[in-house]
Each structure stands twice: as C-alpha cells, then as structure tokens.
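The values are calculated or read from the model by the stated rules, or taken from the named source; none is laboratory data. Please read these numbers as outputs of a predicted model, since none were measured by experiment. Because the Cβ atoms are built from the backbone with ideal geometry, glycine has one as well, and the counts that use them run over all protein chains shown. Note: areas computed on protein heavy atoms with side chains; ligands, DNA, RNA excluded. Shrake-Rupley method; radii C 1.70, N 1.55, O 1.52, S 1.80 Å.
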Amino acid sequence: MMSTFLYAIFPYLALALAVGVGLYRYFFDRFSWSSQSSQLLESRVLYWGSVSWHYPIVIILLAHLLAFLFPTGWGVLLGRPLRLYLLEATGLALALCALAGLGLLMLRRAMHSQLAAVSTPLDWIVLFCLLLQTATGILIAFTLRWGSVWYLHTAAPWLWSLLRLNPEVQLMTVLPLVVQVHAVNAFVLVALFPFSRLVHLVSIPITYLWRPPQVTIWQRRS
Amino acid sequence: MVKGTSVSIAACLTLFAVFFLPLPLAAQESGQLGADREIAQLAEKGESLFAQKCTPCHAIGGGDRPTGPDLAGITERRERQWIRRFILDPQGIIADDPAARQLAEKYPMAMPDLGLSEAEAEALIAFLAMPTEEEHQAGEVTAPPAAAGTQAGDPRRGEALYIGSTPFSQGGAPCLACHGIAGHGLAGGASFGPDLSAAYASYGAEGMVSMLESMPFPSMEPIYLDHPLTAEESRDLTAFLAEVSGETPRVVGPLARDAGLGALFFFAVTLAFGWHRLRGVRRPLVEKMRNRIGGEPR
C-alpha cells in the first residue's frame, strides 16, 4: 500500500504541484521567481560553496537525465569496463565536490548572522533534502556499484512507466532502502520546487550572454 | 382405524429412510471430492511455482545437487510448519534451527528469500506432498529442467554478455551492472549483488544454466521478467563463469582514492579560476569605503 503511494501516486502529485503551482507563481508572482542573492552579504565562502555545488550537481543531473532519455546509447557507452570505471569514478568525484560545496553553503548560512536573518525555514528544508539526496547518491555509488548501469534497468524503466501512466512499482520495491530513499526524495524535491528558491533551476539569466556591456562608475571625483 | 394409522406411519418412515437417510452420506462423499479437487488445484499451482522458483537449485527424485537437497518425500521427513518457514524465511530458520543450520553448512550457497506469500508456500507444500516418492522418481516431475547445460557455450561471447559489450538479445541488464567478477579490470568490483567468480563452483553447469534461465531471485525478477536470457546466452555465460571459476574476486579499493583525486583536481581548478576573482574591481572599492567609514575590513 505504502509502495503504491510512493511509486505510483506521489510522483504524479509532485509533478502536478511542480507544474501547477510553478505556473501560478510565474504568472501571478513573477518577481519572486528566483532565488535571492546573498552575495553582497558574504562572497568568499559563497564562491567556493556555490561553484563546488552547482557545476558538479548540474553535470550529475544531466547524466541521470541522459541515461533516462537514451538508455540504449548509455548502455553502449558503458559496455567497456574501462569507460564504466572512468564514468563512475568521475561521477563520484563530482558528487564529493557537490557534497563539500553544499556543506559549505549550509555552514555559511548558519554561521553568518546576516545570512541567517534572511533565511527562511523552507530554505533549510530544501538544503536538508539536497543534503540527503547527495549523501544517499554517494552511498549508492560507492556501495552498490555500478549504479550507472543498473539504473538503466530499474529506475529508468520505472520513470518511463510513470510517463506511460502505468507505473511498474515492483521495479523499485525490490531495491535496497537507500535507493528507495534517493528515488522518493528526488520527487520530494520536485514537490518543493515551486514553493522554494529551487525555482531558479528554470530561471537562467541567459540574456546576460548578449546584453550590452555596463560601466559601473564608483564615486568618481570631478 | 388404529391399525390403518400404524401402517401409514410405517410407510412414511420407510419412505423417509429410503429418500433422506442417504443424503448425509452423499454430502460427505461430495465434500471429500471437493476437498480433493481443491488440493489438486493447489498442487497444480505449486507445481508451476516449483518449476519457476525451485528447479534452479533443487531436484525431486533426481538426487542432491551442489545447490540444494533433493526434495522428494520432504513432507514425510519434515513437519509442514518447518517447511513453510524454510520457504518463507530461509535466513530466519537457518539462524535459529539446528537442522536448518546443518543444511546451510552442507550447501554453502545460501537460499535466497523468494518473496513468496503464505498462500504460495501452501501451494508449494501441497505440490511436494501430493505425489508419492515413487511417482516423483518415476519422473512425473523430475529434476533440473535445463538440458541446455550439457552443451558447451562460447566463453568469449559469455564474457561480452557479462560485461555488456554485447547486449542481451531481449534487453536484460548485463551482469557486471551488479555482480563483480575476477580478472576484469577495476570495473570487475561491482558490488550490488554477490561476486560471481565462484558461482560456477557452487552451482555447477546445470545449476548455473537453469538459474540464469529462471532468475529465481526477487531483486532480479522484475528486471528479467520481460527480458529473459535465451538458452544460448545462458550457456555462453556459464562457459565464461566456468573459465573464471577459482580466480580471486577483485576488491575495488582504488575507487575511493581515484574519486578523491578527481575531487582534488576539481578544487584546484576552482582555486585557479577564483584566485584573483573580482579583486581588481569590486573588493578594493568595498574595502576602501569600509575603511573610510570605519567598518571592519573584510
């Protein structure tokens, strides 16, 4: 019963929230559709935390997405032990960087009084969910090798079955607890997306790449 | 008058006796038949479960195998409750029952949790109890189904299937996704499932082939249910496993080291890019202003 809820109902609820509330927030509260910058309050730790978190986690997310979208091609790519090992070691290295970056960002938010003052409970909930997701991912990568291949035959078909509106729950229920926590928590993050600063995931300032240059004049004396 | 009444009562009693007394007997007989039919149906269900879940490791009347004892006449040797528990909770009974522990010592390949329900366990027991031992031995339900094991497979193709460079024809997961194997580079240290370097030594050719064809492990069932291995693929894999049998399994020690080195490289790149980041423009100005207004320089 619980597994039916977690793997056949909750993912749809999470997606419905993400799309429904996300669109509502975009059209009726557009100025909140971002994550507030805290760079002016503190920038040194932010650089290390933000860079170490964002670049690795985006690459890891893309790897999950590509394996889900092109399972056959991904299987061919990993059909050689050396390639498989290199990909797994690289993924684990990136995940360790992401964990370190996230840890720094959390410490920064907790230790810096000005930042703590502007942090909301939801910020903390999101950060803890992200920490749980990264930690379980590392645990899986290290103890249940090789996730990059068995993912193609367990979680990926489950995700496809969700898209076909015919969830194959048993693909997930036989997996170890840590994998199930990782999968369910992923959809918890999807559900949190429209309510939190996570919306910045789809708010990329791409126009900065071609905007005209700006000159900042700082107290020029005449 | 009195005589006429007596005759009538006697006639009624006779009629009652003729028509109604046999009914309970008939009902008893038909009840017995129904129960027999029910047991037969249960045993039939048990037979298909046995073929699916048990034949990779157990025979009936075909003798003990390296993977498990012959189950012919098991219901006469053991109590039903004991058998039911062994089917439903093999690890539990091995932990606290001396007879079960003795069996586990004799057959080192631990019996997996088959994920069966109470009803399925009952069906299996009904099947195991149904035919007599003689009937089993006469070959009505005989041992290992896989005659395929007797033909030699191609170990090179088996190796390619194992590591995934040749995909399984029905799309099943390559073994290396979860199972470590000796002699296959760093990736040989897969750890989701048990290392299979010694699998051939434990199961033998016949057991290996039938196991690969039926995949009786709950965690593997959903993966291979719609993507089974062909008989030829099972033979090739078995030939490969026979080849590596006896080699020392690989332990993946360097993964943590290599990932750690990769992470250090990433931090070094981050440091290189961030070394003089914004120092020349914003920070000196901010610090200048802070100094002017007497704030703490940062």
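Annotation: residue B:269 carries an accessible surface of approximately 60 Å², with a 1.4 Å probe and no ligand, DNA or RNA atoms counted. Three principal axis extents of segment A:2-209 based on alpha-carbon atoms, in descending order, are 48, 38, 36 Å. Here segment A:1-66 and segment B:151-199 have alpha carbon centers that stand 37 Å from each other.
Modelled this way, with points 7 Å down the Cα-to-C-beta line, the labels at residue A:210 and residue A:163 are 3.0 nm from one another. In the complete set of protein chains, residue-level accessible area for residue A:30 is approximately 120 Å², probe 1.4 angstrom.
Of the accessible area of the protein assembly as shown, computed with a 1.4 Å probe over protein heavy atoms only, carbon and sulfur atoms account for 66 percent. With a Förster radius of 45 Å applied to the C-beta separation of residue A:113 and residue B:96, the computed FRET efficiency comes to 0.20.
When only C-alpha pairs under 8 Å and at least 6 residues apart count, what is the relative contact order of chain A, in percent?
35
As a calculated quantity, the FRET efficiency between residue B:285 and residue A:61 at R0 = 30 Å, using C-beta atoms, amounts to about 0.25.
Evaluated over the Cα positions of segment A:1-112, the convex hull gives a direction-averaged projected area, one quarter of its surface, of 10.7 nm². Site pair residue A:45 and residue B:170 shows an inter-label distance of 5.6 nm when each label is modelled 7 Å from Cα along Cα→Cβ.
A Cβ-based charge dipole, computed about the Cα centre of segment A:2-209 with Lys and Arg at +1 and Asp and Glu at -1, lands at about 200 debye.
Measuring with a 1.4 angstrom probe and ignoring ligands and nucleic acids, residue B:243 comes out at about 90 Å² accessible. Between residue A:28 and residue A:143, what FRET efficiency follows from the Cβ-Cβ distance if R0 is 51 Å, with the result rounded to 0.05? Working from the Cβ atoms, E equals 0.70.
Counts of other chain beta carbons within 10 angstrom of each beta carbon in peptide B:218-231 average 3. GNM remark for chain A: springs join alpha carbons under 10 Å apart, and the peak mean-square fluctuation among A:157, A:71, A:81 falls on A:81. Under the convention that each Lys and Arg Cβ holds +1 and each Asp and Glu Cβ holds -1, the size of the dipole of the protein assembly as shown around its Cα centre is about 4640 debye. What's the longest bit of chain A with no exposed chymotrypsin sites (Phe, Trp or Tyr not before Pro), using DSSP loop states and at most 11 other Cβ atoms within 10 Å as the test? Result, exposed sites excluded: A:1-209.
Give, as ranges by residue number, the residues of segment A:20-44 whose backbone N falls under 12 Å from the point 7 Å along Cα→Cβ of residue B:292. Within reach of a label on residue B:292: no residues.
Which value at 222 nm does the protein assembly as shown reach when only helices count, each DSSP H run of 4 or more adding -39,500 (n - 2.57), with the total divided by all residues and rounded to the nearest 500 deg cm²/dmol? Don't skip to the end; give the middle numbers.
Details: 24 runs with 314 residues, N = 520.
After summing the helix terms and dividing by residue count, I get -19000 deg cm²/dmol.
Cα extents for the protein assembly as shown along the principal axes, largest to smallest and rounded to whole angstrom: 145, 77, 42.
Taking amide H as placed 1.01 Å from N in the peptide plane, the amide H of residue B:154 sits under 5 Å from that of B:236, each at least 5 places away or on another chain.
Tell me the total accessible area that B and A bury against each other, 1.4 angstrom probe, in square angstrom rounded to 100.
3700
Counting Cβ atoms of other protein chains within 10 Å of each Cβ in B:260-270 and taking the mean gives 5.
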